[in-house]
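Here's the structure we're looking at; comments come further down.
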Amino acid sequence: MANIIKLQTVEGQPIEIVDEIIGSGGMKDVYFSPDKSYVVGFFREEQDAQTKDRLLMITGRYRQSLFENAGGDYWKNLFCWPSAVVEFNGRIGVVAPTYQRHFFFEFGSRNDDFLGIKGREKEGKWFASANNQNRFLDPRERGDWRKYLKICILIARAVKRMHAAGLAHSDLSYKNVLVDPTDGRACIIDIDGLVVPGKYPPDVVGTPDFIAPEVVMTCHLGKEDPKRKLPSIATDRHALAVLIYMYLFYRHPLRGDKVHDADPQIDETLSMGEKALFVEHPSDTSNRIRAKNIKPSELPWKDTAKIPYTVSGPYLTPLFDRAFMQGLHKPSERPTADEWENALVKTVDLIQPCQNPNCSQAWYVFDNTTAPRCPFCETPYRGSLPVLNLYSARREGQFTPDNHRLMVYTNQSLFPWHVNRNIFPNERLAPELRKRVGYFVWHNEAWWLVNENLPELTEISGETKHPIPIGMAAPLMDGGTLLFSPQEGGRLAVIQMVEGH
Amino acid sequence: MTTRRLPVYILLDTSGSMRGEPIHAVNVGMQSMLSALRQDPYALESVHLSVITFDIEAKELFPLTPLEQVRLPEIAVPGSGATFLGAALELLIDRVDRDVILGSPDRKGDWRPLLFIMTDGSPSDLQCYREMIAKVKQRHFGNIVACAAGQKAKEALLKELTPTVVSLDTTDIASFAQFFKWVSASVATGSSSAGVASPTSLPPPPPEVQVVI
Ligand SMILES: Nc1ncnc2c1ncn2[C@@H]1O[C@H](COP(=O)(O)OP(=O)(O)O)[C@@H](O)[C@H]1O
């Protein structure tokens with residue numbers, strides 16, 4: 001049994017560590033506390049005064065501003081935020097909570113874990129790659145498309161929170177985000193590299209795949225050069241868009257087959273920097289992923305004709321356009337984390353369970369413009385499907401569209417944020433607003449909305465208003481109208497029936 | 001090929017002096033290096049490995065193979081003593097020219113290959129060795145690391161090939177374990193950071209391995 005060492009944080013709190021390295025990264029050696037509830041990572045090399053100062057800010061002021069407000073607990077699951085700084089034998093260490101247990105592989109890889117990764121961290125790279133997904137991961141670790149949507153929501157929300165506090169992560173990548181696709185969870189780690197624009201310059205350029213083009217293009221310049229672009233909130237936005245794209249499509253948005261130079265290093269710099277081009281650019285097709293270069297284990301994901309980014313639906317598609325076309329070389333055009341969060345949350349209302357019980361993705365965005373089918377396994381949608389188009393009143397009695405739809409499926413829930421435009425499902429949502437107020441069922445050859453907690457639900461047909469009391473159900477019919485609530489911000493749903501084949 | 005391959009060549013000395021514990025240590029070290037790399041999602045996606053052994057002749061133990069398909073055979077030491085490192089480099093150059101994909105207008109090439117050489121002596125074919133050095137240098141390796149294992153290894157000669165020479169005091173299990181751990185960390189770093197500013201950066205060597213300046 002290794003020794004236990006007693007230490008004190010810079011602030012005088014007692015800390016204990018077991019004298020045995022549990023992991024080493026590029027910069028730190030990491031030790032467990034005796035009860036394994038927290039870890040201490042010691043920098044192997046001496047750190048300058050500025051780094052120490054920055055670590056103190058991260059564990060102090062910034063931490064407080066994120067966690068010690070109302071709702072602060074919510075963020076504890078989304079960030080592995082260092083809590084204190086220690087000094088020992090001339091070395092600096094940071095204390096941080098241990099990663100939660102669901103971020104360690106339970107089953108690991110296929111064939112009884114032939115790679116031996118059981119118990120190791122669920123680093124995002126395992127999941128954001130078609131080849132790793134298809135060839136290596138145990139199917140029980142893989143999760144489905146809905147879980148990845150949820151993971152993306154959490155990541156976008158966490159980044160939004162940092163940006164709102166004026167902080168940039170500066171090295172957002174699948175290395176620094178743990179994900180748990182079995183349950184749709186995500187946690188941002190490696191906070192010690194955090195950048196405060198204008199105060200602490202970043203000490204990393206980032207991780208390949210996620211570095212913004214303007215940073216790649218200027219990283220040969222000296223740090224003091226005014227033309228040099230350093231990681232910032234704008235470059236985080238690029239990294240966030242890449243992460244979301246990779247978790248939804250298991251391919252990289254800029255890694256196509258266009259070759260800029262015979263030398264791989266120069267080619268890399270050009271294709272991630274100056275010449276970066278979206279692989280799915282609608283008019284410039286020169287960087288498409290060519291079918292002949294795709295390995296079978298990368299299918300169907302790398303086939304952008306089969307699974308184009310537009311399968312992510314009407315809210316996410318324009319954001320990808322902005323991130324990888326208009327905003328790729330123009331940072332100010334990039335969607336913010338807040339915009340991503342909104343679009344992702346609304347997309348959750350568009351997804352349908354795939355009717356193929358063996359579909360690996362299980363859920364997809366329902367597209368009623370063409371013959372509806374699952375884009376992943378191609379199973380067509382059979383039966384009728386009610387789509388609720390949501391409207392709300394900006395002025396008394398005048399309902400205008402909210403650009404928000406809800407696709408119905410059996411046991412689909414209706415939540416307060418569907419009922420009222422002023423309610424948004426995020427970390428600030430009050431507990432009583434997190435409960436569903438109704439649900440949908442297919443019963444006796446018809447679709448119904450069962451009213452569980454909508455005191456003023458009303459079916460409207462022409463001039464007649466027909467109240468549906470709590471405990472009763474309203475039928476869903478093509479062209480029918482339901483008023484969820486007459487309150488301020490209350491919504492009206494116009495029902496549209498889509499017939500599958 | 002939207003995912004570039006990272007070719008990794010390992011040249012291992014199997015001359016007579018490696019018999020016994022040293023070669024056993026190399027086998028153990030190689031096995032653990034392989035398992036470590038297989039637990040790395042970056043390495044799995046790009047690393048292709050080849051091992052060449054050299055004694056009185058150079059042999060390709062296996063050609064460039066995707067990491068997950070590598071089956072490591074037991075490396076044995078034949079009877080006689082010579083160390084034909086020059087011949088090994090010659091074989092290496094032949095294989096690199098044959099197997100490494102160069103970028104062309106319609107195909108992305110491989111990353112620049114990494115080369116690791118371990119020897120416990122000095123080249124018996126010195127002239128050939130020196131001739132090959134010039135040719136190796138024309139091949140644009142991303143990084144070349146030479147390891148001088150044990151007291152008899154000639155660091156100065158290795159320095160002619162690469163500035164990065166590390167030395168192991170002994171050829172036992174513990175020091176080879178450290179060395180191969182470092183090789184796998186270097187390969188892992190290479191596979192996850194290829195493309196950023198300094199492609200050739202290596203993680204710091206473990207304390208038991210001395211970098212020869
Ligand atoms: N909070 C933590 N909980 C559990 N393990 C951790 C934690 N932080 C670090 N580790 C382990 O230590 C290793 C190195 O830590 P890391 O933060 O990556 O160091 P570095 O800053 O040097 O990159 C990680 O790969 C992981 O295995």
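The values are calculated or read from the model by the stated rules, or taken from the named source; none is laboratory data. As the structure is a prediction and not an experimental result, all values here were calculated from the model. Glycine gets a Cβ as well: all are built from the backbone with ideal geometry, and neighbour counts include every protein chain shown.
Filtered by the rule that a residue be over 26 Å from B:A185 (Cβ atoms) and among the small types (G, A, S), the range A:1-32 gives a lone residue, A:G12.
Scanning the range A:67-125 for residues that are over 24 Å from the mean Cα position of the chain (by Cα) and within 17 Å of A:C187 (Cβ to Cβ), we see that the one that is surrounded by the fewest Cβ atoms within 10 Å (Cβ to Cβ) is A:S83. Per the listing A:I155, A:I189, A:I151, the residue uniquely at pLDDT below 95, under 18 Å from the mean Cα position of the chain (by Cα) and away from chain B (no Cβ under 14 Å) is A:I189. Within the range A:115-144, the only residue that satisfies the criterion of being at the interface with another protein chain (Cβ under 7 Å from one of its Cβ atoms) and in a strand (DSSP E or B) is A:E123.
What about A:K160, is it in contact with a helix residue (DSSP H, G or I) (Cβ under 9 Å, 6 or more places away or on another chain), away from the ligand (no atom under 16 Å from the Cβ) and away from every other protein chain (no Cβ under 13 Å)? Give the derivation first.
Numbers: in contact with a helix residue (DSSP H, G or I) (Cβ under 9 Å, 6 or more places away or on another chain): yes; away from the ligand (no atom under 16 Å from the Cβ): yes; away from every other protein chain (no Cβ under 13 Å): yes.
So A:K160 passes the test.
To keep it simple, each residue is scored yes or no on (1) surrounded by fewer than 21 Cβ atoms within 10 Å (Cβ to Cβ); (2) without any contact (Cβ under 8 Å) to a residue 12 or more places away in the chain.
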| residue | (1), (2) |
| --- | --- |
| A:R334 | no, no |
| A:Q355 | yes, no |
| A:T369 | yes, yes |
| A:C374 | no, no |
| A:E378 | yes, yes |
| A:G383 | yes, no |
| A:E396 | yes, yes |
| A:F399 | yes, no |
| A:T410 | yes, no |
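Listed by first and then second residue, the pairs linking a residue in the range A:275-288 that is surrounded by fewer than 20 Cβ atoms within 10 Å (Cβ to Cβ) to a residue that is acidic (D, E), with Cβ atoms under 8 Å apart and 6 or more places separating them unless they lie on different chains, are A:R288/A:D257; A:R288/A:E280.
Per-residue answers, yes or no, for (1) touching a Ser or Thr at 6+ places or on another chain (Cβ under 7 Å); (2) at pLDDT 95 or above; (3) away from the ligand (no atom under 15 Å from the Cβ):
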site: A:E11; (1), (2), (3): no, no, yes
site: A:D29; (1), (2), (3): no, no, no
site: A:S33; (1), (2), (3): no, yes, no
site: A:E46; (1), (2), (3): no, no, no
site: A:T51; (1), (2), (3): no, no, no
site: A:A70; (1), (2), (3): no, no, yes
site: A:E87; (1), (2), (3): no, no, yes
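Taking the listed residues A:K295, A:K258, the one that is buried (at least 19 other Cβ atoms within 10 Å of the Cβ), within 14 Å of chain B (Cβ to nearest Cβ), among the basic types (K, R) and within 30 Å of B:P113 (Cβ to Cβ) is A:K258, with no other qualifying.
Scanning the range A:315-343 for residues that are within 17 Å of the chain's Cα centre (by Cα) and not in a helix (DSSP H, G or I) gives A:Y315, A:L316, A:R334, A:P335, A:T336. Output yes when any residue across the range A:168-175 is among the aromatic types (F, W, Y), within 14 Å of chain B (Cβ to nearest Cβ) and touching a residue at least 12 places away in the same chain (Cβ under 8 Å), and no when none is. Yes, the range A:168-175 contains a residue that is among the aromatic types (F, W, Y), within 14 Å of chain B (Cβ to nearest Cβ) and touching a residue at least 12 places away in the same chain (Cβ under 8 Å).
Among the residues that make up the range B:147-166, is at least one of them of a type in the set (S, T, N, Q) and within 30 Å of A:G256 (Cβ to Cβ)?
Residues of the range B:147-166 that are of a type in the set (S, T, N, Q), as a first pass: B:151, B:162, B:164.
Still in the running and within 30 Å of A:G256 (Cβ to Cβ): none.
No: the range B:147-166 contains no residue that is of a type in the set (S, T, N, Q) and within 30 Å of A:G256 (Cβ to Cβ).
Filtering the range B:139-153 to residues that are touching a strand residue (DSSP E or B) at 6+ places or on another chain (Cβ under 7 Å) and more than 14 Å from chain A (Cβ to nearest Cβ) leaves B:I144, B:V145, B:A146, B:C147, B:A148, B:A149, B:G150, B:A153. Kindly indicate the residue of the range A:17-27 that is farther than 23 Å from A:V196 by Cβ and within 14 Å of chain B (Cβ to nearest Cβ) and also nearest to the ligand (Cβ to nearest atom) among those meeting that condition. Applying the filter and picking the extreme gives A:G23.
Tally up the residues in the range A:412-441 that are assigned to a strand (DSSP E or B), more than 25 Å from the chain's Cα centre (by Cα) and without any contact (Cβ under 8 Å) to a residue 40 or more places away in the chain, please. Give the steps one after another, and end with the answer.
Initial filter on the range A:412-441 (assigned to a strand (DSSP E or B)): A:413-414, A:420, A:438-441.
Narrowing further to those that are more than 25 Å from the chain's Cα centre (by Cα): A:438-441.
With without any contact (Cβ under 8 Å) to a residue 40 or more places away in the chain added as a condition, the list becomes A:438-439, A:441.
Going through the range A:412-441 one residue at a time, the tally reaches 3.
Yes or no, residue by residue, for (1) within 24 Å of B:R112 (Cβ to Cβ); (2) within 12 Å of another protein chain (Cβ to nearest Cβ); (3) of a type in the set (F, W, Y):
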{"position": "A:D267", "(1), (2), (3)": "yes, yes, no"}
{"position": "A:E274", "(1), (2), (3)": "yes, no, no"}
{"position": "A:E280", "(1), (2), (3)": "no, no, no"}
{"position": "A:S283", "(1), (2), (3)": "no, no, no"}
{"position": "A:S286", "(1), (2), (3)": "no, yes, no"}
{"position": "A:A291", "(1), (2), (3)": "no, yes, no"}
{"position": "A:T304", "(1), (2), (3)": "no, yes, no"}
{"position": "A:G313", "(1), (2), (3)": "no, no, no"}
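Taking the range B:25-41, which residues are closer than 27 Å to A:K175 by Cα and not in a loop (DSSP other than H, G, I, E, B)? Across the range B:25-41, the qualifying residues are B:G29, B:M30, B:Q31, B:S32, B:M33, B:L34, B:S35, B:A36, B:L37, B:R38, B:P41. Taken over the range A:462-493, residues that are within 21 Å of A:R436 (Cβ to Cβ) and part of a strand (DSSP E or B) amount to 10.
Within the range A:184-202, the presence of at least one residue that is within 16 Å of the ligand (Cβ to nearest atom), among the acidic types (D, E) and not in a loop (DSSP other than H, G, I, E, B) is confirmed.
Yes or no: A:T207 hydroxyl-bearing (S, T, Y) and not in a helix (DSSP H, G or I)? Answer is yes for this residue.
Tell me which residues, restricted to the range B:86-137, are in a loop (DSSP other than H, G, I, E, B) and within 14 Å of chain A (Cβ to nearest Cβ). Talk me through it step by step, then tell me what you get.
Taking the range B:86-137 and keeping what is in a loop (DSSP other than H, G, I, E, B), we get B:100-103, B:105-106, B:108-113, B:120-125.
The answer is B:V100, B:I101, B:L102, B:G103, B:P105, B:D106, B:K108, B:G109, B:D110, B:W111, B:R112, B:P113.
Considering only residues in the range A:455-496 that are within 31 Å of the chain's Cα centre (by Cα) and aliphatic (A, V, I, L, M), the one that is surrounded by the fewest Cβ atoms within 10 Å (Cβ to Cβ) turns out to be A:V494.
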